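Presented below is the structure to which this report refers.
The values are calculated or read from the model by the stated rules, or taken from the named source; none is laboratory data. Given the structure is predicted, the values throughout are model-derived calculations rather than measurements. In this analysis, Cβ positions are derived from the backbone assuming ideal geometry, glycine residues included, and neighbour counts consider all displayed protein chains.
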Amino acid sequence: MRLSRRIEGITGGGSDGWDLFYRARVMKAAGEAVLELTVGEHDWTTPRPILDAMHAAATAGQTGYAVVPGLCALREAVAARVAQRTGVATAPENVLITPGGQAGLFAAHMAVCDPGDRALHLDPYYATYPGTIRAAGAVPVAVETRPDDGFQPRAADLGAAATGARSLLVNTPNNPTGAVYSRDTLEGVAEVARAHDLWLISDEVYDTHVWEGTHLSPRALPGMAERTLVVGSLSKSHAMTGSRLGWVVGPEEAIARMIDLATVTTYGVPTFIQQAALAALGQPALEREGAAVFRRRRDLATRVLEGREGLRLLPAQGAMYVLLDVRATRLSGEGFAHALLDAHRIAVMPGESFGQAAAGHVRVALTVADDRLEAALETLARFAAARAAEAA
Ligand SMILES: Cc1ncc(COP(=O)(O)O)c(C=O)c1O
């Protein structure tokens, strides 16, 4: 039977960019000792106080259907958090609780794009972006950012692509580049959004993971609150990737329409997960402790990798990865990642998995214990140096 063009078109055809990851998983399943530095997932589980709150809510009977937009108390807590961090007045009616940031990204595009609309996103990008846009019926248009600019988007490039577009998706702190967008960058982004009447979809799921500079939410810039949908999540901040708890913050009318969408898709997030989220947001020390681990590992990676032959470490200002330029080896990111996996059983993500602008790079997730990470980075650096020497 024929399936819909919409669902068949989600991947856009071709490779989904995860070949290296699947290969590493197959090797692991066959008993090989592969060190995975691929996915953005913590090497610890959700903190105990959050799990206790989840368990207490479930055993107290909160296992029925959830209120679709989210518990009032949780919407209030997210609104208060956003208002406190950004200075922008935010009410519970500006908040929709979603099953993770990913569902928020989809809901946001569904809310603002009509079928066939051009939806801009930046390259390199988080792997699901083009598929999310296509699933919403829109047409993804990638706007390149450049290694020499520290992957900060140029307003002129955005402006050139913006004519006739409906939305622009940005992500700071950025996965995979580790860039934290500067105020100048975001003012340029906001200027383009205002000039071309674009919706700005701002993916801020790493807003607690900032090592250099400060996180600025573009919703806080003049004239932006009315045209910005912010996507947030507890996945990265609280090691809650499996709980699927995120949100969208935006104008009340847009949130109301997204509640209609949630009613016919997710039907809300389980109440015991929402209670766990409330507990998580009530204990700021938990997110500080989680972020501190990645900050420490970022420093470790900088110490091991800076100034090494055969690779260039891009300044990781935030998130939970480092991006390495390995073009001196004359290998593509894919070639480098597969060769490293073959030679040393270390799995890193090829830059090409995140778009063409990251070709010739690899992304290393800082998601194993410090001693293992240090040893792996040392091996990777020696490997890059040897390959670069051969290529010279
Ligand atoms: C940039 C970015 N946005 C969104 C997500 C999705 O996060 P969630 O687990 O909240 O759906 C991720 C996950 O890795 C991400 O890196």
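Go through (1) more than 15 Å from the ligand (Cβ to nearest atom); (2) at pLDDT 95 or above and name the single condition THR266 misses.
(1)
What number of residues within the stretch 107-135 satisfy the criterion of being buried (at least 24 other Cβ atoms within 10 Å of the Cβ), within 15 Å of the ligand (Cβ to nearest atom) and over 17 Å from ASN175 (Cα atoms)?
Result for the stretch 107-135: 4.
Can we say GLU144 is surrounded by fewer than 24 Cβ atoms within 10 Å (Cβ to Cβ), over 17 Å from ASP203 (Cβ atoms) and either among the polar types (S, T, N, Q) or more than 21 Å from the chain's Cα centre (by Cα) (or both)?
So GLU144 does not fit the description; no.
Please enumerate the residues belonging to the stretch 152-169 that are surrounded by fewer than 24 Cβ atoms within 10 Å (Cβ to Cβ), at pLDDT 95 or above and of a type outside the set (S, T, N, Q).
Selection gives ARG154, ALA155, ALA156, ASP157, GLY159, ALA160, ALA161, ALA162, ALA165, ARG166.
If LEU234 passes every condition in (1) among the aliphatic types (A, V, I, L, M); (2) more than 27 Å from TYR125 (Cβ to Cβ); (3) within 16 Å of the ligand (Cβ to nearest atom) but one, which one does it miss?
The single condition LEU234 does not satisfy is (2).
Just the residues that are more than 16 Å from the ligand (Cβ to nearest atom), touching a helix residue (DSSP H, G or I) at 6+ places or on another chain (Cβ under 7 Å) and not in a loop (DSSP other than H, G, I, E, B), please, taken from the stretch 52-76.
Passing the criteria: ALA53, MET54, ALA57, ALA58, CYS72, ALA73, ARG75, GLU76.
Which residue pairs have Cβ atoms closer than 6 Å, lie 6 or more positions apart in sequence or on different chains, and pair a first residue in the stretch 116-140 that is of a type in the set (Asp, Glu) with a second residue that is assigned to a loop (DSSP other than H, G, I, E, B)?
ASP117/ALA138; ASP123/GLY355
Taking the stretch 90-102 on its own, how many of its residues are within 29 Å of ASN175 (Cβ to Cβ), touching a residue at least 24 places away in the same chain (Cβ under 8 Å) and either away from the ligand (no atom under 16 Å from the Cβ) or of a type in the set (D, E, K, R) (or both)? Break it down stepwise before answering.
Going residue by residue through the stretch 90-102, those that are within 29 Å of ASN175 (Cβ to Cβ) are 90, 92, 94-102.
Subset that is touching a residue at least 24 places away in the same chain (Cβ under 8 Å): 90, 94-102.
Filter again for either away from the ligand (no atom under 16 Å from the Cβ) or of a type in the set (D, E, K, R) (or both), leaving 90, 94.
Count: 2.
Working carefully through the options GLY223, GLY213, GLY232, GLY178, find the one that is part of a loop (DSSP other than H, G, I, E, B), under 14 Å from the mean Cα position of the chain (by Cα) and small (Gly, Ala, Ser).
On inspection, the qualifying residue turns out to be GLY178.
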